[in-house]
Amino acid sequence: MNIRANKIDYKGETCIELMAGDYRALIAPFNGSNIMKMENTAMDIDIFRNDPSLSPEELKASAEVYGMPTLYLPNRLSHGNLKTSDAFYHFPCNDPLGNHIHGFLHKRNHNIDEVTVTENAAVAKTSYLYDENDEFFELYPVSFKAEYTFTLTSEGMNYEFTLTNLSQHQMPYGVCNHTAFKGSFTTDGQGANVRLQVPIVDKWELNESCIPTEKTLPLTNYDMMYKNGTMVPVLQDIDNDLYSAGINELNGQPFNGVIITDLASGKKICYEVDDTIKYWIIWNDHGDKGYFCPEPMSWNIDAPNLSGDPSVTGYVELAPGESKTLRERIFTIS
């Protein structure tokens, strides 16, 4: 099996190329350790939205809508406010709805720690040390280390994301992947043939500022399209459909993740997450741009400020010196 791991040039920035079996992936440390491209060449599947004509600067300017970016913190904080058990922080309101959105980690230039191969895998490790040298630190003086491991095998991509609290404060732990899938994801595919299956449970009501009212809503026939895998995730406007996470089924077995199918070919993209993930939110930028984002989140939108029990909101803090790791997997089948 052909296994390779190399540093390559991407328009003046260093990118990491991983190859294993029929899979090829490009990791962009310069753009927040984004998986900027992943493909199964034998199956003619190009998984994530990507545009090779874009410069590094253009990718950084739109870091949330290409590839697989990792967000800290997830989604929105109402009015930019962040309440923890031992502090209060205020972030800039960079959302037209009057909130702070997406945090900052996915826009930073990360370090390359390791690029190597094993007998069965191509491996890349990157990291980012958040401290007083970061421009955001004045607003959020909670130092931490973010570490990423990408392990590509003939079975797909295994991804690990670890946060370690290096401060003397309680550190809110909320993570999300703003994963932008192509629709369609094959050369001759049609968006109308793409179907998305999401393991939904409760649907959450959002107010006009896209903040949870903390009320859940009955599942409608529309919502059930996610559950039974008949949702067309492009060619219609999907604007922040928010659900508690459940368990899906793949080939008769429990599967914790989403399944994307091309009806014409029967090819599937499978995106598996661990039990860190408590919510899924689906968005597609009005549905007319050929991509969609089923985003796994460890906590609900605005979780630090919600009144509900942390077991419901997903709000978690890391004590000084504490670490937590999120694990995910992306693979294709037919």
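The values are calculated or read from the model by the stated rules, or taken from the named source; none is laboratory data. Computed from a prediction, not measured in an experiment: that's the story for all the values here. Don't worry about glycine lacking a Cβ; one is built from the backbone with ideal geometry, like all the others, and counts go over all protein chains shown.
Which of the residues spanning segment 162-190 are over 29 Å from N240 (Cβ atoms), hydroxyl-bearing (S, T, Y) and touching a Phe, Trp or Tyr at 6+ places or on another chain (Cβ under 8 Å)?
We begin by selecting, within segment 162-190, every residue over 29 Å from N240 (Cβ atoms); these are 164-169, 187-188.
Then keep just the ones that are hydroxyl-bearing (S, T, Y); that gives 164, 167, 187.
Residues satisfying the conditions are T164, S167.
For the list (1) loosely packed, with under 14 Cβ neighbours inside 10 Å; (2) touching a Pro at 6+ places or on another chain (Cβ under 7 Å); (3) not small (G, A, S), I need the number of the one condition that W299 fails.
Looking at each condition in turn, W299 falls short on (1).
Go through (1) free of Cβ contacts under 8 Å to residues at least 24 places away in the same chain; (2) within 18 Å of the chain's Cα centre (by Cα); (3) assigned to a strand (DSSP E or B) for E249 and report which single condition fails.
For E249, the failing item is (2).
I'm trying to understand the selection: among the residues of segment 117-128, which are hydroxyl-bearing (S, T, Y) and not in a loop (DSSP other than H, G, I, E, B)? Quick ask: steps written out before the conclusion?
Of segment 117-128, the ones hydroxyl-bearing (S, T, Y) are 118, 126-128.
Selection gives T126, S127, Y128.
Those residues that are among the hydroxyl-bearing types (S, T, Y), loosely packed, with under 15 Cβ neighbours inside 10 Å and touching a strand residue (DSSP E or B) at 6+ places or on another chain (Cβ under 7 Å), I need them from segment 217-233; list them, please.
The one that is among the hydroxyl-bearing types (S, T, Y), loosely packed, with under 15 Cβ neighbours inside 10 Å and touching a strand residue (DSSP E or B) at 6+ places or on another chain (Cβ under 7 Å): T230.
Using the structure shown, decide if P52 is of a type outside the set (D, E), in a loop (DSSP other than H, G, I, E, B) and touching a helix residue (DSSP H, G or I) at 6+ places or on another chain (Cβ under 9 Å). Spell out how you get there, then give the answer.
Values: of a type outside the set (D, E): yes; in a loop (DSSP other than H, G, I, E, B): yes; touching a helix residue (DSSP H, G or I) at 6+ places or on another chain (Cβ under 9 Å): no.
For P52, the condition - of a type outside the set (D, E), in a loop (DSSP other than H, G, I, E, B) and touching a helix residue (DSSP H, G or I) at 6+ places or on another chain (Cβ under 9 Å) - is not met.
Would you say K37 is assigned to a strand (DSSP E or B) and either without any contact (Cβ under 8 Å) to a residue 24 or more places away in the chain or touching a Lys or Arg at 6+ places or on another chain (Cβ under 9 Å) (or both)? Don't jump to the end; show me each part of the working.
Values: assigned to a strand (DSSP E or B): yes; either without any contact (Cβ under 8 Å) to a residue 24 or more places away in the chain or touching a Lys or Arg at 6+ places or on another chain (Cβ under 9 Å) (or both): yes.
Yes: the conditions hold for K37.
Against the conditions (1) surrounded by 18 or more Cβ atoms within 10 Å (Cβ to Cβ); (2) in a strand (DSSP E or B), where does E114 fall short? Just the number, please.
(1)
Please verify whether P56 is over 16 Å from L152 (Cβ atoms), modelled with pLDDT of 95 or more, under 14 Å from the mean Cα position of the chain (by Cα) and not aromatic (F, W, Y), treating the condition exactly as stated. Before you say what the answer is, go through the steps one by one.
Numbers: over 16 Å from L152 (Cβ atoms): yes; modelled with pLDDT of 95 or more: yes; under 14 Å from the mean Cα position of the chain (by Cα): no; not aromatic (F, W, Y): yes.
So P56 does not fit the description; no.
Going residue by residue through segment 145-160, is there one that turns out to be over 27 Å from R24 (Cα atoms), buried (at least 17 other Cβ atoms within 10 Å of the Cβ) and either touching a residue at least 24 places away in the same chain (Cβ under 8 Å) or of a type in the set (F, W, Y) (or both)?
Step one: of segment 145-160, the residues over 27 Å from R24 (Cα atoms) are 145.
Then keep just the ones that are buried (at least 17 other Cβ atoms within 10 Å of the Cβ); that gives none.
Scanning segment 145-160 turns up no residue that is over 27 Å from R24 (Cα atoms), buried (at least 17 other Cβ atoms within 10 Å of the Cβ) and either touching a residue at least 24 places away in the same chain (Cβ under 8 Å) or of a type in the set (F, W, Y) (or both).
Of all residues in segment 80-94, how many are out of contact with any helix residue (DSSP H, G or I) (no Cβ under 7 Å at 6 or more places or on another chain), crowded, with 18+ Cβ neighbours inside 10 Å and not hydroxyl-bearing (S, T, Y)?
2
Do you know which of the residues in segment 234-264 that are small (G, A, S) and either in contact with a Ser or Thr (Cβ under 6 Å, 6 or more places away or on another chain) or under 18 Å from A303 (Cβ atoms) (or both) is surrounded by the most Cβ atoms within 10 Å (Cβ to Cβ)?
To start, the set of residues in segment 234-264 that are small (G, A, S) comprises 244-246, 252, 257, 264.
Filter once more, keeping what is either in contact with a Ser or Thr (Cβ under 6 Å, 6 or more places away or on another chain) or under 18 Å from A303 (Cβ atoms) (or both): 244-245.
Working: S244: 17, A245: 23.
Among those residues, the one meeting the criterion is A245.
Every residue in segment 62-94 that is farther than 17 Å from I301 by Cα, without any contact (Cβ under 8 Å) to a residue 24 or more places away in the chain and in a loop (DSSP other than H, G, I, E, B), please.
First, pick out the residues of segment 62-94 that are farther than 17 Å from I301 by Cα: 62-63, 65-69, 85-88.
Checking which are without any contact (Cβ under 8 Å) to a residue 24 or more places away in the chain leaves us with 62, 88.
S62, the sole residue that qualifies.
Counting only residues that are outside any loop (DSSP other than H, G, I, E, B), small (G, A, S) and touching a helix residue (DSSP H, G or I) at 6+ places or on another chain (Cβ under 9 Å), how many does segment 234-246 have?
Within segment 234-246, the subset outside any loop (DSSP other than H, G, I, E, B) is 239-245.
Subset that is small (G, A, S): 244-245.
Add one more test, that the residue is touching a helix residue (DSSP H, G or I) at 6+ places or on another chain (Cβ under 9 Å), and what stays is 244.
The number of residues fulfilling the criteria is 1.
Collect the residues in segment 312-334 that are outside any strand (DSSP E or B) and either charged (D, E, K, R) or under 17 Å from G156 (Cα atoms) (or both), keeping them in residue-number order. Explain how you work it out, then say what you get.
Of all residues in segment 312-334, those outside any strand (DSSP E or B) come to 312-316, 319-322, 334.
E322, S334, listed by residue number.
Can you pull out the residues in segment 265-277 that are crowded, with 19+ Cβ neighbours inside 10 Å and assigned to a loop (DSSP other than H, G, I, E, B)? First the steps, then the outcome.
Residues of segment 265-277 that are crowded, with 19+ Cβ neighbours inside 10 Å, as a first pass: 267-273, 276-277.
Result: K267, T276, I277.
Which residues, counting only those in segment 1-23, are in a strand (DSSP E or B), surrounded by fewer than 21 Cβ atoms within 10 Å (Cβ to Cβ) and touching a residue at least 24 places away in the same chain (Cβ under 8 Å)?
I3, R4, N6, K7, Y10, E13, T14, M19
From the list G321, G266, G287, G252, which residue is among the small types (G, A, S) and under 27 Å from K215 (Cβ atoms)?
Details: G321 fails: under 27 Å from K215 (Cβ atoms); G266 fails: under 27 Å from K215 (Cβ atoms); G252 fails: under 27 Å from K215 (Cβ atoms).
Just one listed residue meets the conditions, G287.
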